[in-house]
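Only one structure is covered here, and it is reproduced in the block below.
The values are calculated or read from the model by the stated rules, or taken from the named source; none is laboratory data. What you are looking at is a predicted structure, and each value in this text was computed from that prediction instead of being measured. Methodologically, a virtual Cβ is constructed for each residue, glycine included, from the backbone with ideal geometry; neighbour enumeration extends over all protein chains shown. In case anyone asks, the SASA skips ligands and DNA or RNA and just uses the protein heavy atoms, side chains included. Shrake-Rupley method; radii C 1.70, N 1.55, O 1.52, S 1.80 Å.
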There are 4 protein chains.
Amino acid sequence: MPIREMVESYPKDRGGIDRDALVACIEACLECTQSCTACADACLSEDGVAELRTCIRSNLDCSDICATTANVLSRHTGYDANLTRSVLDACRVACRSCGDECGQHAEMHDHCRVCAETCRRCEQACARLIDSL
Amino acid sequence: MPIREMVESYPKDRGGIDRDALVACIEACLECTQSCTACADACLSEDGVAELRTCIRSNLDCSDICATTANVLSRHTGYDANLTRSVLDACRVACRSCGDECGQHAEMHDHCRVCAETCRRCEQACARLIDSL
Amino acid sequence: MPIREMVESYPKDRGGIDRDALVACIEACLECTQSCTACADACLSEDGVAELRTCIRSNLDCSDICATTANVLSRHTGYDANLTRSVLDACRVACRSCGDECGQHAEMHDHCRVCAETCRRCEQACARLIDSL
Amino acid sequence: MPIREMVESYPKDRGGIDRDALVACIEACLECTQSCTACADACLSEDGVAELRTCIRSNLDCSDICATTANVLSRHTGYDANLTRSVLDACRVACRSCGDECGQHAEMHDHCRVCAETCRRCEQACARLIDSL
């Protein structure tokens, strides 16, 4: 994915945000929005769907929030640290919550195992970017 | 819009969230995501687009965040107050920032005036729902 | 919702698109994205969730497509009739499919009954706008 | 990105859709939604923003449509070939239109050059998946 190329081709100052942490976080958000959408759908098809209701709901929220976070982080014009921090914080909370929930089904369902890992990676990428702001 | 009907037809407990504040906030988020998308596009077509760069960027972020917030608030299964609060907080920050930015162009551009008003309404609706959690 | 005000405040030509059909379609898409998100979540909480898998999946697709359609229709700059028609066509297909699916559960579940109605309204609003292009 | 792992961990039949074409198309859509959001923002910051209005608008539409397409393709439950085809068709049209527009600025702006390439890749990935349905 040409995320780094896109970040580097921005023609003006990027507001002093850490470039490596930014690229890593955008990639983690894209990865996580996809795995959460896919995990929600895989849970929905499991025979034990009734046990996976909270997992599906967490997946759907986390997917929406990660997609929005990837968008916000892909914009640099008129950079607003306050807004960036609030969005990253919501994303971190969503990823932790969804990672915990998926983690509980990781031994039963491979999609939950993979999705729990992408949630953890995204949670950490958000935390690292927040620290660098 | 049948937002209230949809909220009331949820078959289980909604986690004790205030129903009127919830319905008002979902509606305000939908209204705000639309007016921000439309305002970004109207700003883009103005002769003075170069002066409206920050406004367009704020509009795009606010639109994305309001759409995600409307989705999160439309789900009740496995209600998570911590996540709801974080998302509402990001939405409030985005609406305040975008409302302030649009407010600066309200006398020049009617789309900025209307959009500033929907941002303020959405900011207040988020604040009221946060208070009720 | 100030959809009409936002459409009318656009500073340049809107490409000859029928204004009333446009406003009605944007509103129908916003209504439908919300009711589909809410219906997916309500289905998820039903005791008979296992019978509602296809309904939940249709709801999630329809919600995403309606949200994107509302965004595309809220932009007028560099109007592209070909793109508008393709997006409206996908939205019409999604609304018909989801309306049919929800319609099968309308007697059992009030959320499916209300959602089937918003899907039908949105399908018709898309069809009317396509005819006017 | 664990797109392939997520596709393969789906517990039921995926409706006979070509697995390699599906994985490639989801990845191309995620790549394209990001580069289009970033390109819109980079165009917005260019000194010559007034010449890039149509490019920004194409970018925003293409980003929304690619994100929705990635979501629809990440779901397999209750597979609906008719809906999948309509969404892929809208995505192909959006990518072609945006790729053409960005291509016109590719020599001037590196972000437009990179984005034109991701649009072409996504257009081709959609076409290949449509052919395989």
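Laid out as a table, the results:
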| quantity | calculated |
| --- | --- |
| Matching option when the condition is more than 30 Å from A:E51 (Cβ to Cβ) and out of contact with any Ser or Thr (no Cβ under 7 Å at 6 or more places or on another chain), among B:C32, B:C25, B:C36 | B:C25 |
| Lone unmet requirement of (1) under 24 Å from A:H111 (Cβ atoms); (2) over 18 Å from the mean Cα position of the chain (by Cα); (3) touching a residue at least 24 places away in the same chain (Cβ under 8 Å) for D:D80 | (3) |
| Residue list for the stretch B:15-60, restricted to those being within 14 Å of the chain's Cα centre (by Cα) and under 17 Å from C:R14 (Cβ atoms) | B:Q34, B:S35, B:T37, B:A38, B:C39 |
| Near pairs, Cβ below 8 angstrom, 6+ apart or cross-chain, from the stretch D:22-38 (more than 9 Å from chain A (Cβ to nearest Cβ)) to any residue that is outside any helix (DSSP H, G or I) | D:L22/D:R14 |
| Within the stretch C:104-123, considering residues that are without any contact (Cβ under 8 Å) to a residue 24 or more places away in the chain and within 16 Å of the chain's Cα centre (by Cα), the one nearest to C:T37 (Cα to Cα) | C:A116 |
| Filter result for B:S63 (closer than 21 Å to C:L73 by Cα, touching a residue at least 24 places away in the same chain (Cβ under 8 Å), touching a Gly at 6+ places or on another chain (Cβ under 8 Å) and among the small types (G, A, S)) | no |
| Count of residues meeting criterion [over 23 Å from C:D47 (Cα atoms) and of a type in the set (G, A, S)] in the stretch C:93-133 | 5 |
| Among the candidates A:R85, A:R113, A:R121, residue that is touching an Asp or Glu at 6+ places or on another chain (Cβ under 9 Å) and within 14 Å of A:L22 (Cα to Cα) | A:R121 |
| Residues of the stretch C:51-86 satisfying the condition of being closer than 19 Å to A:L60 by Cβ and β-branched (V, I, T) | C:T54, C:I56, C:I65, C:T68 |
| D:A94 vs. criteria in contact with a helix residue (DSSP H, G or I) (Cβ under 9 Å, 6 or more places away or on another chain), more than 8 Å from chain C (Cβ to nearest Cβ), within 26 Å of C:Y79 (Cβ to Cβ) and among the aliphatic types (A, V, I, L, M) | no |
| Which numbered condition D:N82 fails, given (1) facing another protein chain (nearest Cβ under 7 Å); (2) among the polar types (S, T, N, Q); (3) touching a Gly at 6+ places or on another chain (Cβ under 9 Å) | (3) |
| Verdict on C:T77 being among the β-branched types (V, I, T) and farther than 30 Å from D:R14 by Cα | yes |
| Cβ-Cβ under 6 Å pairs, at least 6 apart or on other chains, the stretch B:1-16 side in contact (Cβ under 8 Å) with a residue 24 or more places away in the chain and more than 7 Å from chain C (Cβ to nearest Cβ), far side open to solvent by less than 50 Å² (accessible area, probe 1.4 Å) and part of a loop (DSSP other than H, G, I, E, B) | B:R14/B:H76 |
